[in-house]
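What follows is a set of notes on a single structure, which appears directly below.
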Amino acid sequence: HFFSRNFRAVAAAHPECLSKLTDSAFLSELGRGLMARASSAHSIAKRKEQLVMFFRTEYLRSGMLLLDGAPLEVVQRQYTEFSDLFFTTLYRLSRRETRKISDKKVDTRDKAAIFTTGGRGREEAFDDDIDMVVLSEGLTEDQLERLRQILGRMNSQIVKLGIFPQYRMADHFGEFVTPLDMAADHLLSSSPNLFLDMTEFLELRMVEGSS
């Protein structure tokens, strides 16, 4: 279902690809063009639109590679590379967008880090959800609110792709953003099913932030 959704979206926007579905080089070139427009379009809304289409095109290309008999590890590596680029670019566009609509100058850099985990942390392809962990240290209330706004804008674009963000730490703390000291205390606790949280932290893959 997810594959067919992306296929239909790409075919509607770029019908020329219908005769070249098995031409990985063609689809890769199409994806590069979309990413270039995602970096240079006049408005942030247009950049995000091109970025979403980039993800769909690369998803289609990866799926066709797999159907054409490419080794799974090759497909997973390429999937991880383009999805890393997608999530990092989406974060930066969302951050820029929140700055433009706010009258406050608030910077969250070096104060927070956004990670994916689970299947993406293991470099597995084609998940229809995404596990995310957001860690912070020393955020002011204004910085925390700005980070929430960035995450909200990221989530809205991710959901458009039919991917559903999951924030496991939010189940424990009631907040998308988890202070680093609280996460550390939790991992040293005797909380039920702690091994699930420990596994997620072992599989963290940074999207953006200070290491």
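You will find that of 65, 93, 51, 30, the residue that is part of a helix (DSSP H, G or I) and in contact with a His (Cβ under 7 Å, 6 or more places away or on another chain) is 30 and no other.
In this structure, residue 143 qualifies as over 30 Å from residue 63 (Cα atoms) and in contact (Cβ under 8 Å) with a residue 12 or more places away in the chain.
Do we have residue 154 as outside any strand (DSSP E or B), at pLDDT 90 or above and not β-branched (Val, Ile, Thr) here? For residue 154, the condition - outside any strand (DSSP E or B), at pLDDT 90 or above and not β-branched (Val, Ile, Thr) - is met.
Based on this model, can you work out whether residue 30 counts as within 19 Å of residue 75 (Cβ to Cβ), touching a residue at least 24 places away in the same chain (Cβ under 8 Å), open to solvent by 20 Å² or more (accessible area, probe 1.4 Å) and not charged (D, E, K, R)?
For residue 30, the condition - within 19 Å of residue 75 (Cβ to Cβ), touching a residue at least 24 places away in the same chain (Cβ under 8 Å), open to solvent by 20 Å² or more (accessible area, probe 1.4 Å) and not charged (D, E, K, R) - is met.
Among the residues making up the stretch 99-115, a single one is surrounded by fewer than 19 Cβ atoms within 10 Å (Cβ to Cβ) and of a type in the set (S, T, N, Q): 102. When the stretch 164-211 is filtered for residues that are surrounded by 17 or more Cβ atoms within 10 Å (Cβ to Cβ) and assigned to a loop (DSSP other than H, G, I, E, B), the ones remaining, listed by number, are 167, 176, 203, 204.
The values are calculated or read from the model by the stated rules, or taken from the named source; none is laboratory data. No experiment lies behind these values; they were computed from the predicted model shown. All Cβ positions, glycine included, derive from the backbone under ideal geometry; neighbour counts span all protein chains shown. Heavy atoms of the whole protein, side chains included, go into the accessibility calculation; ligands, DNA and RNA do not. Shrake-Rupley method; radii C 1.70, N 1.55, O 1.52, S 1.80 Å.
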